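There's a structure below that I have some questions on.
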Amino acid sequence: MVDTRDLLARLLDEKKLSYCQDCGSCTGSCPMAKALPGRYNPRRLLQRVSNDLPELLRSEELWLCAWCYRCTERCPQGIQPTEIFLLTRNLASSEGMIPRNPKTIMRQIMKSGRSVNVPEDFDEWREGYGLPPIGATISPKAIEEQRKIFGEELLRRLEA
Ligand code: SF4
Ligand code: SF4
């Protein structure tokens, strides 16, 4: 099996990165950069993957990409920022560096199958709108399947 660092090195080869024209098309296309000005910038993030990896692995910025792939589709040089960020995030996770917020969301998904906490009176509220109940969690069978998809290693990291 190919190692995450090797895959990342392949995408980050210097020749390819030298094609980056600093055009900013990735940042200009990015919905997260628009939603979080000053906090999230894929062009800057790409430079950090290349020049500041150990520090970046500890950073929450790495976890803000929403995987819309706009930057990858619009990059005039065929650089693949989305894949690079995904591999970098995998690397951070494999080294146990999952920041507090993503960890909370993953724990929530693990517990209830949902990324947000559903309040106890939510079904009552839905009933008032003529909507069917959704219950506090998805089915136990689905939770079990979800645990298998997460895998023992990730479950251990989330519980740490
Ligand atoms: S869109 Fe591509 S070429 Fe332009 S700054 Fe971003 S990574 Fe570099
Ligand atoms: S894939 Fe991530 S970095 Fe690229 S445009 Fe979408 S949210 Fe921004």
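Taking C-beta distances below 4.7 angstrom as the pairing criterion, name the unpartnered cysteines of the chain, in sequence order.
So, Cys20, Cys23, Cys30, Cys65, Cys68, Cys75.
Expressed in whole Å with the largest first, what are the equivalent ellipsoid semi-axes of the stretch 36-132 derived from the C-alpha gyration tensor as the square root of 5 times each eigenvalue?
34, 18, 11
Ordered by residue, what ³J(HN,Hα) values in Hz, to whole numbers, does the stretch 55-60 give under the Karplus form 6.51 cos²θ - 1.76 cosθ + 1.60, where θ = phi - 60° and Gly and Pro are x?
Listing the rounded values in order: 6, 4, 4, 8, 9, 6 Hz.
Also, I was wondering about something else. Counting only pairs 8 or more places apart or on different chains, how many lysine pairs in the chain have C-alpha atoms closer than 21 Å?
Value for the chain: 4.
Roughly how big is the stretch 45-160's charge dipole about its Cα centre, with Cβ charges of +1 (Lys, Arg) and -1 (Asp, Glu), in debye to the nearest 20?
220 debye
Spelling out what I want: for every residue of the stretch 107-118, take phi, set θ = phi - 60°, compute 6.51 cos²θ - 1.76 cosθ + 1.60 (Karplus), and round to whole Hz; glycine and proline get x.
Result, ordered by residue: 5, 4, 5, 4, 7, 10, x, 10, 7, 10, 6, 9 Hz.
Pop out the ³J(HN,Hα) list for the stretch 16-29 in order, Karplus 6.51 cos²θ - 1.76 cosθ + 1.60 with θ = phi - 60°, rounded to Hz; leave Gly and Pro as x.
Per-residue couplings from phi come out as 4, 5, 5, 6, 4, 9, 6, 6, x, 4, 4, 5, x, 8 Hz.
Same structure, new question: Going by Cα centres, the stretch 104-145 and the stretch 6-27 are how many Å apart?
Comparing the Cα centres of the stretch 104-145 and the stretch 6-27, I get a distance of 41 Å.
Here's something else I'd like to know. Let me know the shape class of the stretch 80-160, please: from the alpha-carbon gyration tensor, a ≥ b ≥ c as square roots of the eigenvalues, rounded when a/c is under 1.5, otherwise prolate if a/b is greater than b/c, or oblate.
prolate
Throughout, read-outs are computed from the coordinates displayed, never taken from laboratory work. These numbers come from a predicted model, not from an experiment. Backbone-built Cβ (ideal geometry, glycine too); neighbour counts: all protein chains shown.
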